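Working notes, structure below.
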Amino acid sequence: MHDAEVSFDQDRSTNDLIIKHHQYIPDDFIAGLKADKMDSVRQKSGDMMLALSVPVEVIQDMQRLYGFDAMNAPIKEVRAMLERMQLDAFIATNKRI
């Protein structure tokens with residue numbers, strides 16, 4: 001996955017500064033998470049398992065738009081927030097967390 005990028009532009013009609021945040025998320029990244037999620041039911045979780053894989057821009061959007069600090073919130077709450085935002089593609093397990 002590529003790093004998050006910020007670009008700046010200017011609105012010609014109002015002369016306001018526009019700040020754009022973006023991150024390219026490859027299709028194979030999403031496909032890999034989907035495969036991990038489907039396989040998670042058959043695998044033993046042990047001490048460690050991949051539960052979520054959330055791009056930087058999504059984490060920053062949660063903070064900027066909703067005031068939700070995903071970096072310090074429990075995984076269960078981050079998962080619930082992803083589901084509310086309809087970003088289930090970043091959930092890598094079907095197991096209860």
request  = Only residues that are assigned to a loop (DSSP other than H, G, I, E, B) and surrounded by 14 or more Cβ atoms within 10 Å (Cβ to Cβ): list them for the range 53-70, please.
outcome  = 53, 54, 55, 68, 70
request  = Report, by residue number, each residue of the range 36-52 that is loosely packed, with under 12 Cβ neighbours inside 10 Å and acidic (Asp, Glu).
outcome  = 47
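Can you tell me how many residues within the range 10-52 are without any contact (Cβ under 8 Å) to a residue 12 or more places away in the chain and either touching a strand residue (DSSP E or B) at 6+ places or on another chain (Cβ under 6 Å) or not in a helix (DSSP H, G or I) (or both)? It would help to see each step written out before you state the result.
Kept after step one, since they are without any contact (Cβ under 8 Å) to a residue 12 or more places away in the chain, are these residues of the range 10-52: 10-18, 27-28, 31-32, 35, 39, 42-44, 46-48.
If we keep only those that are either touching a strand residue (DSSP E or B) at 6+ places or on another chain (Cβ under 6 Å) or not in a helix (DSSP H, G or I) (or both) too, we end up with 10-18, 42-44, 46-48.
Qualifying residue count, the range 10-52: 15.
Looking only at the range 71-97, count how many residues are outside any helix (DSSP H, G or I) and either within 23 Å of residue 24 (Cβ to Cβ) or out of contact with any strand residue (DSSP E or B) (no Cβ under 9 Å at 6 or more places or on another chain) (or both). Lay out the reasoning, then the answer.
So in the range 71-97, the residues outside any helix (DSSP H, G or I) come out as 71-74, 85-87, 91-97.
This time we only want the ones that are either within 23 Å of residue 24 (Cβ to Cβ) or out of contact with any strand residue (DSSP E or B) (no Cβ under 9 Å at 6 or more places or on another chain) (or both), so: 71-74, 85-87, 91-92, 94-96.
Going through the range 71-97 one residue at a time, the tally reaches 12.
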ask   = Taking interchain pairs and intrachain pairs at least six residues apart, which have beta carbon atoms under 6 angstrom, with the first residue in the range 53-81 and small (Gly, Ala, Ser) and the second modelled with pLDDT under 95 and part of a loop (DSSP other than H, G, I, E, B)?
value = 53/92
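Out of the residues in the range 3-51 that are among the aromatic types (Phe, Trp, Tyr) and under 17 Å from the mean Cα position of the chain (by Cα), which is nearest to residue 64 (Cα to Cα)? Let's see the steps before the verdict.
In the first step, residues of the range 3-51 are kept if they are among the aromatic types (Phe, Trp, Tyr); the result is 8, 24, 29.
Going one step further and asking which of them are under 17 Å from the mean Cα position of the chain (by Cα), we end up with 24, 29.
Working: 24: 19, 29: 24 Å.
Restricting to residues being among the aromatic types (Phe, Trp, Tyr) and under 17 Å from the mean Cα position of the chain (by Cα), the top hit is 24.
Give me the residue from the range 71-97 that is touching a helix residue (DSSP H, G or I) at 6+ places or on another chain (Cβ under 7 Å) and farther than 18 Å from residue 38 by Cβ and, out of that set, surrounded by the fewest Cβ atoms within 10 Å (Cβ to Cβ).
Initially, the range 71-97 is screened for residues touching a helix residue (DSSP H, G or I) at 6+ places or on another chain (Cβ under 7 Å), giving 71, 81-82, 87-94, 97.
Imposing the further condition that a residue be farther than 18 Å from residue 38 by Cβ reduces the set to 71, 81.
On the way: 71: 11, 81: 17.
The extreme case among them is 71.
The values are calculated or read from the model by the stated rules, or taken from the named source; none is laboratory data. Predicted model only: the values in this text are computed from it and were never measured. Using ideal geometry, Cβ is built from the backbone for each residue, glycine included, and neighbour counts are taken over all protein chains shown.
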